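Read-outs: derived from the displayed coordinates by stated rules, not from any lab. Being a predicted model, the structure only gives us computed values, none of them experimental. No Cβ is skipped: glycine too gets one built from the backbone with ideal geometry, and neighbour counts run over all protein chains shown.
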Amino acid sequence: MKMSTVRLTVNGRRVHVPAGISVAAAIALVGEPFRRSVTGESRAPLCGMGVCFECRVRIDGVAQQRACQRVVNPGMRVETDG
Amino acid sequence: MSGYDLIIVGAGIVGAACADYATAQGMRIAIVEPGVVGGGATAAAMGHLVAMDDDPAELALAHYSLGLWEAFANLPQAEFSRCGTLWVASNDEEFARIPEKIARLAASGVVAERIDARELYRLEPALAPGLAGGMRVANEAVVFPPAVARHGIDQAIARGAVYHQDAVFRLEDHGVLLRGGRRLTGPMLLANGGALPSLLPGLPVRLRKGHLVITDRYPGVIRHQLLELGYADSAHGGDASSVAFNVQPRPTGQILIGSSREYDAIDTDVSMAMIRRMLERSFRFLPQLRELDAIRLWTGFRPVSVDGLPYLGRAPGRDDVWVAAAHEGLGVTTSLGSARVVIDQILGRAPAIDPAPYDPSRVRS
Amino acid sequence: MVDACDIVVVGAGPAGLAAAEAAASQGKRVVLIDSQPRAGGQVWRHDVLHGQPRVATDAIRDVAGNANVTCLEGTQVVAVEPGRLLLQDAQRGFHLAYGALVLATGARELLLPFPGWTLPGVTGAGGLQALAKQGWPLRGKRVLIAGSGPLLLAAAATAQRHGAHVVGIHEQAGASAVHRFAAGLWRWPAKLAQAARLRLELARVPYRTGSIVTAAEGEHGVSGARVRGRQGDERIACDLLAVGYGLLPQVELAQLLGCALEPEGAHARVQVGPWQATSQPRVFAAGEACGIGGLDCARVEGRIAGLAAAGAPVPPTLVQRRDRARAFAASLREHFTVRDDVRGLANGDTTICRCEDVPLGAVRPHADTREAKLATRCGMGACQGRICGSALAELGHGPRGGTRPPLFPVRLATLGEPVLSSVSDTRGYTS
């Protein structure tokens with residue numbers, strides 16, 4: 001199966017990832033951190049299905065988006081606070 | 001156990017303030033509370049320490065209390081945050097009335113300044129365009145009321161107060177009978193807010209339901225507690241239901257959104273219709289709110305007296321029963337002053353402010 | 001956009017898909033909602049490398065191609081009002097009125113705290129499976145899987161198919177419990193066949209019973225796990241640690257609707273009658289939300305619920321199939337109960353509320369969850385107490401409290417200015 005790719009920016013870096021993957025998977029793929037907890041601990045996805053809220057990132061300027069619930073789109077701007 | 005100097009009924013913010021002050025004055029007290037400390041109306045309060053100039057007696061009590069609140073400014077348990085208050089004028093009319101408000105506040109020692117539209121948007125860029133300006137009370141703060149209540153109870157217990165996790169079944173001649181069967185003897189101070197009429201039917205308390213919304217963390221959207229100048233119309237009005245613009249930046253970076261008022265609501269359920277009304281109003285002043293996420297909605301019941309002023313003083317017809325209750329939306333602000341006004345009277349001292357406007361006996365006339 | 005809706009089905013996993021198809025087959029106009037970007041739920045989640053099982057694509061195609069069904073993916077229920085739901089997708093918030101409702105809200109994983117569980121790279125077992133299917137990079141990564149139940153094997157298989165090196169599967173249940181469970185599988189031939197396939201696929205992976213992960217270790221991410229087995233303690237190096245203790249029903253929407261719940265261990269499930277009716281008129285529920293029962297349960301219950309919601313008769317054979325499938329659920333519960341020492345892994349310093357960074361020690365002294373919330377902020381965060389609340393319930397700190405709206409964090413625009421959807425007309429449904 002030929003996989004097409006999608007171009008997006010993650011923390012300012014322009015990256016290419018396979019189409020159809022989640023934003024969470026894309027962040028992991030390009031090796032960026034996810035988020036910091038309220039006391040500054042590094043966190044990453046736990047549940048993979050949208051209930052734990054550990055995967056929250058800013059997508060296209062909107063904060064508090066669950067990365068595991070969104071599929072990558074061309075031109076998406078992803079920012080994490082990790 | 002019997003023979004207390006005082007039995008305090010209710011461990012909300014008012015009861016906790018009473019317990020704290022009473023024990024600090026050396027009284028041996030019992031505290032009776034069936035629920036969670038600060039879990040009633042206290043948990044639905046915005047925690048805004050605010051002086052409002054609309055009623056002189058209310059302002060006197062608030063100003064007295066605000067002075068006492070300064071002692072909490074550095075107490076971690078209070079989560080005291082001096083964000084300041086900014087009253088927003090929607091039009092020139094409201095803007096024109098600000099100097100008289102400033103004068104009334106100044107007469108009570110509260111410092112406020114009028115700011116023009118330019119300064120308003122410099123301070124709060126997220127506000128909707130077209131506002132005329134506002135009144136800033138820079139020194140005012142917000143607290144987290146359940147934590148303050150808990151602290152007050154902890155202080156009282158550390159000084160020897162006995163805490164009873166129970167409800168008062170009824171008042172008796174020399175004390176209270178608890179639902180669990182125990183009797184406590186001593187003078188009583190009822191600080192049980194909306195439940196007051198269940199023990200003292202002669203003191204009417206209406207319940208005025210309010211809704212709250214809290215958002216996820218979005219630090220920096222607003223800096224001050226923001227209210228519309230028309231807020232007092234909602235608070236002091238007699239409408240069956242009303243909303244007013246009132247938002248607060250929490251120290252966590254979350255935004256706490258109020259305020260709504262409804263008489264005659266019978267349950268604690270969140271009304272999506274009231275939420276809509278309240279948010280519609282908020283969007284008019286702070287359009288950016290639309291894009292933020294709410295993570296919790298909840299309700300609470302403000303206890304309201306016959307005239308909107310709290311009952312502070314001796315219960316009509318009872319020598320040994322006192323009241324500190326029915327604070328409407330100013331329970332947190334005036335909790336500290338209320339405690340002193342009542343307990344000073346119990347101790348036979350003259351309170352720092354004239355207690356007459358809050359005398360429960362006024363209900364008779 | 002449809003202009004009328006008789007039945008709303010919440011959740012497009014196996015149960016929801018079956019319900020939607022059954023109701024639509026009766027001529028009802030159905031709206032099928034799911035919060036994930038694609039239909040399939042968890043067990044039929046679309047895998048970026050391997051797609052979905054044939055049975056899943058068939059079920060989805062049957063529904064997607066059905067003129068009576070509108071599928072709204074990426075859409076979440078956030079609140080309820082009399083006769084209508086408040087929904088939100090990426091663009092807008094809107095109301096959707098219903099004549100009848102089928103709740104197929106599924107399950108989530110029971111995630112229990114242990115030292116180091118907040119490290120990046122520590123996930124649930126089902127969590128790892130979900131992440132793998134959505135494209136998480138696993139090739140060449142060492143993965144340790146632990147916890148309890150058949151989900152561990154499914155997760156391990158998925159991870160392996162995505163190129164992970166599964167270094168071990170550690171099942172907390174003892175060998176005899178696992179053998180008894182396996183021995184009982186003959187009653188559900190499909191399950192037996194599935195188990196056999198998985199064992200073959202995972203033949204090279206060490207499988208330990210009576211073994212638990214006691215801690216995750218690492219600096220900026222997990223680098224290894226401490227494991228306590230029958231032979232004693234050891235440290236196993238890994239890049240990802242997936243720990244899950246089974247599933248629990250997602251009942252929040254049912255609770256908000258006022259549906260009666262009944263206990264499921266330390267948790268709750270939606271109480272339903274023989275035709276999947278809840279205690280609320282015109283509200284039905286099916287699948288894992290009614291108790292963890294697995295795929296076959298979900299499919300047949302979804303079908304029953306869809307027929308019943310449509311006012312159609314339910315064939316007794318369906319009910320018999322459901323009862324047989326539910327017996328599997330009982331077997332699961334019996335053999336994979338969480339051990340006491342697993343409940344005791346977290347210490348006072350272990351974070352219990354991940355959203356607000358509250359340690360377990362701060363929460364323990366409080367009599368109930370509400371008091372703990374006001375005093376410590378535990379449960380005040382974005383997950384709304386789902387993770388910490390379910391963990392605390394399993395740890396014996398009392399049941400989760402009631403549910404208030406919003407069901408999930410929701411845009412204020414959705415709450416304040418919902419659009420009236422053109423599917424708000426409910427004419428056509430009679431009970």
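Per-residue mean of foreign Cβ neighbours for A:35-41 is 4 (Cβ atoms of other chains, 10 Å radius). Shown here for the stretch C:228-324: trypsin sites (Lys or Arg not before Pro) in loop regions (DSSP other than H, G, I, E, B) with at most 13 other Cβ atoms within 10 Å, namely C:R230.
Relative to the first principal axis of the alpha-carbon coordinates of chain C, what is the inclination of helix C:14-25, with its axis defined by its Cα atoms, in degrees from 0 to 90 and to the nearest 10? Once rounded, one gets 10 degrees. For chain A, adding -39500 (n - 2.57) for each run of n ≥ 4 DSSP H residues and dividing by the number of residues yields -2000 deg cm²/dmol at 222 nm.
Give the calculated FRET efficiency between C:A260 and B:D267 to the nearest 0.05, with a Förster radius of 30 Å applied to their Cβ-Cβ distance.
0.95
By its C-alpha gyration tensor, with a ≥ b ≥ c as the square roots of the eigenvalues, how is the protein assembly as shown shaped: rounded for a/c under 1.5, else prolate for a/b larger than b/c, else oblate? Prolate, because a/c is 1.5 or more and a/b exceeds b/c.
Using a Gaussian network model of chain C in which every pair of alpha carbons under 10 angstrom is joined by a spring, one finds that among C:L103, C:L112, C:L202 the greatest mean-square fluctuation is at C:L202. With springs only between Cα atoms under 10 Å, which of A:R35, A:R14, A:R56 fluctuates most in a Gaussian network model of chain A? Sorting by GNM fluctuation, first place goes to A:R14. Restricting to chain B, what percent of DSSP beta bridges are antiparallel, rounded to 5? Within chain B, antiparallel bridges account for around 70 percent of the total. Among the trypsin sites (Lys or Arg not before Pro) in the stretch C:120-155, those placed in a DSSP loop whose Cβ has at most 16 other Cβ atoms within 10 Å are C:R139. Rounded to the nearest 20 debye, the dipole size of chain C about its Cα centre is 840 debye, using +1 on the Cβ of Lys and Arg and -1 on the Cβ of Asp and Glu. When the GluC sites (Glu not before Pro) in the stretch C:211-256 are filtered for DSSP coil states and for at most 13 other beta-carbon atoms within 10 Å of their beta-carbon, the remaining sites are C:E219.
Cysteine residues of chain C whose Cβ has no partner cysteine Cβ closer than 4.7 Å: C:C5, C:C71, C:C238, C:C259, C:C290, C:C297, C:C355, C:C383. Counting Cβ atoms of other protein chains within 10 Å of each residue's Cβ and taking the mean over peptide C:120-131 gives 6. Fewest-first ordering of A:R36, C:R326, B:R261 by other beta carbons within 10 Å of each residue's beta carbon gives A:R36, C:R326, B:R261.
Long hydrophobic helices in chain B, taken as whole DSSP H segments with a C-alpha length of 15 Å or more on their own axis and mean Kyte-Doolittle hydropathy at least 0.0: B:13-24, B:56-69, B:145-158, B:331-346. When both bridge partners sit in chain C, DSSP labels roughly 50% of those beta bridges antiparallel. Between B:A103 and B:R318, the simple label model (points 7 Å from Cα in the Cβ direction) yields a spacing of 4.4 nm. Between B:D166 and C:A182, the modelled label-to-label distance comes to 5.9 nm, taking each label 7 Å out from Cα in the direction of the beta carbon. For the stretch B:15-32, list residues with backbone N below 19 Å from a point placed 7 Å from the Cα of B:L347 toward its Cβ? From the stretch B:15-32, the list is B:15-31. Taking C:A19, C:A146, C:A132 in turn, the Gaussian network model of chain C (Cα-Cα springs below 10 Å) assigns the largest fluctuation to C:A132. Which shape class, rounded, prolate or oblate, goes with chain A when its Cα gyration tensor gives a ≥ b ≥ c as root eigenvalues, a/c under 1.5 marks rounded, and past that a/b bigger than b/c marks prolate? It is prolate, given that a/c is not under 1.5 and a/b is the larger ratio.
Charges were assigned to the Cβ only: +1 to each Lys and Arg, -1 to each Asp and Glu. The resulting dipole of the protein assembly as shown about its Cα centre is roughly 3120 debye.
From the Cα gyration tensor of the stretch B:1-61, with a ≥ b ≥ c the square roots of its eigenvalues, which class applies: rounded if a/c is under 1.5, or else prolate if a/b is larger than b/c, or else oblate?
oblate
Taking every DSSP helix (H) stretch of at least 4 residues in chain C, weighting each as -39,500 (n - 2.57) and dividing the sum by the residue count yields a mean residue ellipticity at 222 nm of -9000 deg cm²/dmol. For chain B, adding -39500 (n - 2.57) for each run of n ≥ 4 DSSP H residues and dividing by the number of residues yields -8500 deg cm²/dmol at 222 nm.
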